[in-house]
Amino acid sequence: MKKLVCLTPGEFVYTEESVAALPADYTLLRMKRLGICGTDYHAFEGTQPFFSYPRILGHEIAAEVIDTQENKDLKTGDLVTISPYFYCGKCIACRRGKTNCCVNIKVFGVHIDGAMQEYIAVPTSSVLKGRGLTADELATVEPLAIGAHGVRMAQIEPGDNVLILGAGPIGLGTIAFAKIAGGNVMVLDVNDNRLNFCREKLDVEHTINPLKMDASEQIKTITNGDMATVIIDCTGNLNAINNGFQHLAHGGKFIMIGLQKGTIEVVHPEFHKREAVLMSSRNALPLDFDFVISCIRNGQIKPMDFITHRLTFDEVKDKFSTLSDKDADVIKALIVFD
């Protein structure tokens, strides 16, 4: 089978290798679709935390079951996705049901080799049945689950003024789920094309480009001076995060889905007087995946709107770097294996 290995930042190479014997409690999958996410771009650029090389990237998966052991619920030919956060089941986080932030977590395509290969073997416990979704739809479930988890952690209530920082793929999913939760959603981004997408596809009334307007004044106007009761960062950009605190309402919550390497700066008196909550949101839980699949099935979210680019597996080495260009206007790119 063919694999695509990221040897060092900026360097991909294809290799050939036979399919290894299937371990007990594992399932062999043939790749159908693979979504490319910010983690993959950052890994290729050399800016991704918790990363080492060489590495096979990729964790947004749609695949077909080829062989499975000791699982009567799966059968050959089933179309599936996976939860790519492989956890130990023994640490304090796992014992408390927070397998998404396991102390010993191994994220597929990040800490261990991932899905930029024709066949993958994964723990059977990680496999999620497709429930009638297409391969394209299944490849969007994991990034949507990231947003769904962040929104659930934020405990948005109907009428909350919710500010989403960043309208990339994770941000768009977060926007959709914040609206489903009943939030009055505002979106801040410096990319007008993505803000237009939010207005046209997600029916977001209030979009803000801080390069073209005073964001604080806009938010005050939109909220009648109340500011944002919930802020969710989906940028992973240090400046966006640090600047975001000024938009937080008293008694508000700041949830960080985005990840970056720098030190966050909070003016303690300003944060303290708000009795504010600062929380990270990492990965997702099985219930988030189930919720996403249900929302796709009932039409509450339309992931096909997010897919803007496609390339074959054979094209990835030469075309990958072009996808992160600002002029490419990529929202979600899919790798097609068949």
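Please report, in whole Å³, the volume per residue of the convex hull around the C-alpha atoms of region 189-338. It would help to have the intermediate numbers written out before the result.
Values: hull volume 24.1 nm³, N = 150.
Output value, Cα hull per residue: 161 Å³.
What number, in nm² with one decimal, is the all-direction average of the projected area of the convex hull of the alpha-carbon atoms of region 227-309? The partial results should precede the final answer.
Values: hull surface 29.7 nm².
Mean shadow area of the hull around the Cα atoms is 7.4 nm².
Relative to the first principal axis of the alpha-carbon coordinates of the chain, what is the inclination of helix 141-154, with its axis defined by its Cα atoms, in degrees from 0 to 90 and to the nearest 10?
That works out to roughly 40 degrees.
Based on the Cβ-Cβ distance from ASN243 to ASP203, what FRET efficiency comes out when R0 is 30 Å, to the nearest 0.05?
So the FRET efficiency works out to roughly 0.70.
Considering Cα pairs under 8 angstrom that are at least six residues apart, work out the relative contact order of the chain and quote it in whole percent.
On the way: 713 pairs, mean separation 56.9, N = 338.
Relative contact order here is 17 percent.
For region 1-124, compute the orientation-averaged projected area of the C-alpha convex hull (one quarter of its surface), in nm².
Details: hull surface 31.7 nm².
Projected area, direction-averaged: 7.9 nm².
Which of LEU211, LEU323, LEU144 ends up with the largest GNM mean-square fluctuation for the chain, with Cα atoms connected below 10 Å?
Evaluated over the chain, the most mobile residue of the options is LEU211.
Treating each Cα of region 253-292 as an identical point scatterer and ignoring solvent, apply the Debye formula and state log10 I(q)/I(0) at q = 0.23, 0.24, 0.29 Å⁻¹.
The calculated log intensity ratios at q = 0.23, 0.24, 0.29 Å⁻¹ are -0.86, -0.89, -1.06.
Suppose a student asked you for the relative contact order of region 169-273, using Cα pairs under 8 Å spaced at least 6 residues apart; what percent would you report? Can you show the working numbers first?
On the way: 125 pairs, mean separation 20.1, N = 105.
Computed value for region 169-273: 19 percent relative contact order.
According to the Cα gyration tensor, what semi-axes, each the square root of 5 times an eigenvalue, does the equivalent ellipsoid of region 9-77 have, listed from largest to smallest in whole Å? If you can, show how the numbers build up before the last one.
Working: eigenvalues 161, 39, 27 Å².
So the three semi-axes of region 9-77 are 28, 14, 12 Å.
How far, in degrees from 0 to 90, does helix 169-180 lean away from the longest principal axis of the Cα atoms of the chain, to the nearest 10?
Rounded to the nearest ten degrees, it is 60.
What spacing in nm lies between the two simple spin-label points modelled at MET213 and GLU157, each 7 Å away from Cα in the Cβ direction?
Placing both labels 7 Å along Cα→Cβ, they lie 2.8 nm apart.
Can you give the accessible area per residue of the chain, in Å², using a 1.4 Å probe?
Working: 15420 Å² over 338 residues.
Result: 46 Å² per residue.
For the chain, what % of the accessible area comes from carbon and sulfur atoms, probe 1.4 Å?
Working: 7490 of 15420 Å².
Roughly 49 percent of what the probe reaches on the chain is carbon or sulfur.
Which semi-axis lengths, in whole Å and largest first, follow from the square roots of five times the eigenvalues of the Cα gyration tensor of the chain? Display every interim value, and only then the final one.
Details: eigenvalues 236, 89, 75 Å².
Taking √(5λ) for each eigenvalue gives 34, 21, 19 Å, largest first.
Restricting attention to the alpha-carbon atoms of region 204-264, what are Rg (one decimal) and Dmax (integer), both in Å?
Every Cα atom of region 204-264 included, Rg and Dmax give 11.8, 35 Å.
Just to compare against my own numbers: the Cα pair-distance distribution for region 147-278, 10 Å bins, whole % per bin, please.
Each 10 Å bin holds this share of Cα pairs: 14, 49, 34, 3.
Using the Kirkwood radius over Cα pairs, work out the Stokes-Einstein diffusion coefficient for region 81-239 at 10 °C and 1.306 mPa s, in µm²/s as a whole number. Could you put the intermediate results ahead of the total?
On the way: Rh = 17.5 Å.
It comes out at roughly 91 µm²/s.
The values are calculated or read from the model by the stated rules, or taken from the named source; none is laboratory data. The structure displayed is predicted, hence computed values, not measured ones. Heads up, the Cβs are rebuilt from the backbone with ideal geometry, glycines too, and the neighbour counts pull from every protein chain shown. We work out accessible area using only protein heavy atoms, side chains counted, and drop any ligands, DNA or RNA first. Shrake-Rupley method; radii C 1.70, N 1.55, O 1.52, S 1.80 Å.
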